[in-house]
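Chemist: Input: one structure, supplied below.
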Amino acid sequence: MKTTNRVRAVALFFILSTAMLLGQGTKISAPKNKYSPADDVQLGRQAAAEVTKQLPLLPEDGDVDSYVERVGQHLARSIPAEFTHPEFHYDFSVVNVSDINAFALPGGPMFVNRGMIEAAHSEAEMAGVMAHEISHVALRHGTAQATKAQNPGGQLGEIGGAILGAVIGGNVGQVVAQGTQLGLGAYMLKFSREYETQADVLGSQIMARAGYDPRALASMFKTIEQQGSNGGPEWLSDHPNPGNRYERISQEANMVTISSSKRSGQESEFPAIQTVLKRMSPAPTTAEVEKTRNTKTGGTKYPDNTSVGGPVAAPSTRYRTYQQNGLLSVSVPDNWKQFEDGSSVTFAPDGAYGNQQGQSVFTHGAIVGITNTNSNNDLTTASDQYIAGILKGNPYLQAQGKYKTVQIGRQNGLARRLSGKSPVTNQKEVVDVYTAFSNRSRFVYVIQVVPGNELDRYRTAFDQMVRSVNFLD
């Protein structure tokens with residue numbers, strides 16, 4: 001009798017354990033990651049700031065954006081506890097383009113294309129894509145992929161540039177990448193099939209916890225493939241099918257319990273939002289957005305009617321003061337023009353800047369920028385990371401010697417020289433990189449560029465620039 005009860009107890013325990021497993025779904029673990037969650041936040045914040053400058057977003061207080069924010073926050077609250085990070089801040093924006101696409105940045109910023117909302121057949125399908133993207137963020141796949149690459153040059157500064165080049169993919173991704181000054185390849189958010197499977201599984205679990213049937217995620221993937229002659233293949237190129245994707249999501253759907261606690265309005269709001277979108281003017285494609293932007297800017301940073309190779313005037317002995325975003329000011333020769341580009345500004349005289357084979361190039365002048373960093377206030381480490389990005393984007397350059405200690409404004413700084421044969425002038429080029437931390441520990445850089453045989457006549461102007469830097473933060 002005691003034996004029978006023990007067997008029944010064991011059987012009951014097995015049934016309860018199995019039910020718990022079926023209710024929660026497959027156990028997954030976040031991949032190895034040498035970066036901190038704070039690194040994810042910093043990278044995502046910097047990339048999001050650039051994205052919002054380059055892409056047409058629907059108004060934050062509008063019906064569509066507010067609706068997507070509500071859905072997104074409901075999903076974010078449904079992330080399993082083991083994958084929540086107090087540092088992360090999830091926010092959701094709608095991009096007014098017709099491509100069927102969406103992407104999320106490390107630390108929480110997420111962008112959903114209008115075309116994705118219009119292509120979905122239900123809120124659950126749209127929420128499925130959002131849950132999949134949220135899963136990449138929660139599992140920290142962006143920085144995990146950098147860890148996995150084991151690239152000694154893949155430090156925080158480089159990763160930021162790579163993310164900016166990869167977040168959207170295709171044409172607009174390249175436009176966004178222009179704000180980094182790093183010229184890195186787009187690889188950070190082109191996820192592996194292993195990570196895609198994890199995002200499918202965790203995304204299914206988040207959906208169930210939020211009151212959605214995970215099978216809607218599989219349905220949306222099929223919609224993307226069928227309707228995505230424009231943005232769909234682009235999205236799937238960054239999120240490759242790991243194989244048996246639909247079967248795996250359906251399997252996970254059978255293992256989880258769909259919560260009965262649904263978001264208020266979950267059943268009724270989606271059709272009304274699609275009606276609002278139909279009343280709007282048709283959204284452009286990302287390619288059309290880029291074309292419009294190129295028409296306004298000449299396709300690159302500098303006007304399209306400029307070219308390098310002509311006579312370049314010596315720096316003026318008269319100076320003007322430039323103030324950047326209320327963070328710093330600097331004196332530059334008054335015959336140098338300025339070209340703002342994201343978190344940096346380029347100063348160059350006529351004849352020293354232009355377009356060559358679709359690329360912005362300049363041969364004489366300087367770049368000044370200020371950005372956040374997470375190097376534990378170690379200037380050498382931050383400078384190493386930044387210079388590694390410059391060298392990777394400009395392989396003709398090589399570092400010369402060690403750092404020198406200098407004064408940048410009233411702060412202690414570092415200087416290091418890079419040089420090499422310029423592919424633009426076919427002459428030796430000298431690139432002096434100055435770095436320092438501002439009053440609030442922001443990373444500041446001054447990059448001075450000139451052909452080696454003209455360095456002497458630029459030295460006074462270059463020295464004046466470095467001395468004149470004034471931190472306003």
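The values are calculated or read from the model by the stated rules, or taken from the named source; none is laboratory data. None of these values were measured; they are calculated from a predicted model. When we count neighbours, we look across all protein chains shown, and the Cβ atoms used for this are built from the backbone with ideal geometry, even at glycine. Remember, those area values only see protein heavy atoms, side chains included, never the ligands or the DNA or RNA. Shrake-Rupley method; radii C 1.70, N 1.55, O 1.52, S 1.80 Å.
Chemist: Tell me whether the stretch 304-314 contains one or more residues that are modelled with pLDDT of 75 or more, exposed (fewer than 13 other Cβ atoms within 10 Å of the Cβ) and within 19 Å of residue 470 (Cβ to Cβ).
Modeler: Checked the stretch 304-314: no residue is modelled with pLDDT of 75 or more, exposed (fewer than 13 other Cβ atoms within 10 Å of the Cβ) and within 19 Å of residue 470 (Cβ to Cβ).
Chemist: Now a separate question. Can you tell me which of 180, 197 is open to solvent by 10 Å² or more (accessible area, probe 1.4 Å), β-branched (Val, Ile, Thr) and at pLDDT 90 or above?
Modeler: Working: 180 fails: at pLDDT 90 or above.
That would be 197, the only listed residue that is open to solvent by 10 Å² or more (accessible area, probe 1.4 Å), β-branched (Val, Ile, Thr) and at pLDDT 90 or above.
Chemist: Also, quick follow-up: Filter the stretch 418-473 down to the residues that are in contact with a helix residue (DSSP H, G or I) (Cβ under 6 Å, 6 or more places away or on another chain) and open to solvent by 50 Å² or more (accessible area, probe 1.4 Å) and list them by number.
Modeler: Correct list: 428 only.
Chemist: If you go through the stretch 228-248 one residue at a time, do you hit one that is at pLDDT 80 or above, in contact with a Lys or Arg (Cβ under 7 Å, 6 or more places away or on another chain) and crowded, with 18+ Cβ neighbours inside 10 Å?
Modeler: No: zero hits.
Chemist: Name the single residue, out of those in the stretch 323-352 being at pLDDT below 85 and of a type in the set (Ser, Thr, Tyr), that is most open to solvent (accessible area, probe 1.4 Å).
Modeler: 343
Chemist: Tell me whether the stretch 268-280 contains one or more residues that are aliphatic (A, V, I, L, M), open to solvent by less than 30 Å² (accessible area, probe 1.4 Å), within 26 Å of the chain's Cα centre (by Cα) and modelled with pLDDT of 80 or more.
Modeler: Initially, the stretch 268-280 is screened for residues aliphatic (A, V, I, L, M), giving 272-273, 276-277, 280.
Retained after the next criterion (residues that are open to solvent by less than 30 Å² (accessible area, probe 1.4 Å)): 273, 277.
Next, only the ones that are within 26 Å of the chain's Cα centre (by Cα) stay: none.
Among the residues of the stretch 268-280, not one is aliphatic (A, V, I, L, M), open to solvent by less than 30 Å² (accessible area, probe 1.4 Å), within 26 Å of the chain's Cα centre (by Cα) and modelled with pLDDT of 80 or more, which makes the answer no.
Chemist: Within the stretch 29-48, take every residue that is open to solvent by 50 Å² or more (accessible area, probe 1.4 Å) and within 10 Å of the chain's Cα centre (by Cα) and give me the one that is nearest to residue 88 (Cα to Cα).
Modeler: Looking at the filtered set, the residue picked out is 45.
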